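Below: the structure, in structure tokens.
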Amino acid sequence: MAKTKSTTKPKTGKQKLAAAAPSAPNIDIGITQGDRKKIADGLSRFQADAFTLYLKTHNFHWNVTGSMFNSLHTMFETQYTEQWAALDDVAERIRALGFNAPGSYREFAALTSIAEEPGLTDSADWREMVRQLVVANEAVCRTAREVLDVADDADDAPTEDLMTQRLQTHEKYAWMLRSLLQ
């Protein structure tokens, strides 16, 4: 008997997308399946926020103009380069927990807490770019703290360490950017 393809439309909006890897053997790392799922869901939301921030930072690197061009162009490049490398660490942690990491624009758009603010590329106002990056870095920090709490409850030291590192980085970025607006 032939199988038919499902015509169900993909879900839209906020959703949890951490699906178990299809061919993974049982995982026994001292964290229950339920806790690993909660952590992976949180890390997936963090990954979406971090990727959205990365895209925003890279966009602003390309499009910044004005008297602060050189300083901001360099600062944005430093930040998006570091952010890009960190995305891999988060995805690998999700995989180590036995789940698939989000990796498509659709998944990131559904999971991120960072709002898209259209039209800035056209105006290229550096102050607004910096303001948006402060807000986005702070959003990443809030999501990291949520994941940190879940990881702490499950005694997941590697995820706690990863989120602590990301918090230190994004709090520093928010502070440095905020200082430009004072």
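Checked against (1) of a type outside the set (Lys, Arg); (2) within 19 Å of Asn100 (Cα to Cα); (3) free of Cβ contacts under 8 Å to residues at least 60 places away in the same chain, Trp62 passes all but a single condition, namely (2). Is the range 135-148 home to any residue that is touching an Asp or Glu at 6+ places or on another chain (Cβ under 8 Å), surrounded by 18 or more Cβ atoms within 10 Å (Cβ to Cβ) and more than 15 Å from Ser113 (Cβ to Cβ)? Yes: one or more hits. Does Glu128 fit the bill of being part of a loop (DSSP other than H, G, I, E, B), over 15 Å from the mean Cα position of the chain (by Cα) and of a type in the set (D, E, K, R)? Here the answer is no, as Glu128 does not meet what is asked.
Collect the residues in the range 149-164 that are out of contact with any Asp or Glu (no Cβ under 8 Å at 6 or more places or on another chain) and either closer than 19 Å to Thr52 by Cα or surrounded by fewer than 18 Cβ atoms within 10 Å (Cβ to Cβ) (or both), keeping them in residue-number order. Listed by number, the residues that qualify are Asp149, Asp155, Ala157, Pro158, Asp161, Met163, Thr164. Scanning the range 79-101 for residues that are free of Cβ contacts under 8 Å to residues at least 12 places away in the same chain and either surrounded by 13 or more Cβ atoms within 10 Å (Cβ to Cβ) or among the charged types (D, E, K, R) (or both) yields Thr81, Asp88, Glu92.
How many residues are surrounded by 13 or more Cβ atoms within 10 Å (Cβ to Cβ) and either of a type outside the set (Phe, Trp, Tyr) or in contact with a Pro (Cβ under 9 Å, 6 or more places away or on another chain) (or both) when one looks only at the range 165-182?
Applying the first criterion (surrounded by 13 or more Cβ atoms within 10 Å (Cβ to Cβ)) to the range 165-182 yields 165-167, 169-171, 173-174, 176-178, 180.
Remaining after also requiring either of a type outside the set (Phe, Trp, Tyr) or in contact with a Pro (Cβ under 9 Å, 6 or more places away or on another chain) (or both): 165-167, 169-171, 174, 176-178, 180.
Result for the range 165-182: 11.
No lab work stands behind these numbers, since they all come straight from the coordinates. Fair warning: this is a prediction, and the values are worked out from it, not measured in the lab. Cβ sites come from the backbone with ideal geometry, for glycine too, and all protein chains shown count toward neighbours.
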